[in-house]
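Each remark here refers to the structure printed beneath this line.
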Amino acid sequence: QVHLVESGGGSVQAGGSLRLSCAASRETYASNCVGWFRQAPGKEREIVALTYTSINTGGREFADYADSVKGRFTISLDNAKNTVYLQMNMVTPEDTAMYYCAAGPPKPGWNAATMCPLEHFNHWGQGTQVTVSS
């Protein structure tokens, strides 16, 4: 059984930064899709950032971000620590949501979005709340 545990959420003022972490109970992230998702009250869960490193192509990394966070958020992976991070910069009140990390097997595709569809994520953390005040 894989357990994912998020941390790093909290309250921050608009324009500030937060770094979310998600630790896995065992080696989970290598050669798997890894992602951060968020869900605000009354809204559907949405993809924030995805990453996948393909061992079949010499370790090429694929990454994708929601348009709303491009240039502000960065996903990174430390396989030695079984931890994935989401660095959030220049946050806005629209970033307020519960943030979840997830992992799952990839499918054939040509970029992170096609190789890592939402339905392939089968391990989820419990979430960490991020609240941005104006």
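Considering segment 1-64, the qualifying strands (runs of 3 or more DSSP E), each wholly inside and each with 2 or more residues that are open to solvent by less than 40 Å² (accessible area, probe 1.4 Å), within 18 Å of A102 (Cβ to Cβ) and in contact with a strand residue (DSSP E or B) (Cβ under 9 Å, 6 or more places away or on another chain), run over 4-7, 18-24, 33-39, 46-54.
Annotation note: of S31, S133, the sole residue that is among the polar types (S, T, N, Q) and within 29 Å of Q1 (Cβ to Cβ) is S31. Among the numbered conditions (1) open to solvent by less than 60 Å² (accessible area, probe 1.4 Å); (2) over 20 Å from C22 (Cβ atoms), the only one that S134 does not meet is (1).
Applying the set (1) at pLDDT below 95; (2) surrounded by 12 or more Cβ atoms within 10 Å (Cβ to Cβ); (3) not polar (S, T, N, Q) to A80 leaves exactly one unmet item: (2).
The residues of segment 65-83 that are under 19 Å from H123 (Cβ atoms) and part of a strand (DSSP E or B), listed by number, are I75, S76, L77, D78, T83. Residue count for segment 84-127 under the criterion of being in a loop (DSSP other than H, G, I, E, B), within 12 Å of the chain's Cα centre (by Cα) and under 28 Å from A14 (Cβ atoms): the result is 2. Note on segment 98-131: residues that are among the small types (G, A, S) and surrounded by 19 or more Cβ atoms within 10 Å (Cβ to Cβ) amount to 5.
The values are calculated or read from the model by the stated rules, or taken from the named source; none is laboratory data. Note that the structure is predicted; figures quoted are calculated from it, not measured. Positions of Cβ are generated from backbone atoms using ideal geometry, with glycine treated the same way; all protein chains shown enter the neighbour counts. Keep in mind that these areas ignore ligands, DNA and RNA; they rest on the heavy atoms of the full protein, side chains included. Shrake-Rupley method; radii C 1.70, N 1.55, O 1.52, S 1.80 Å.
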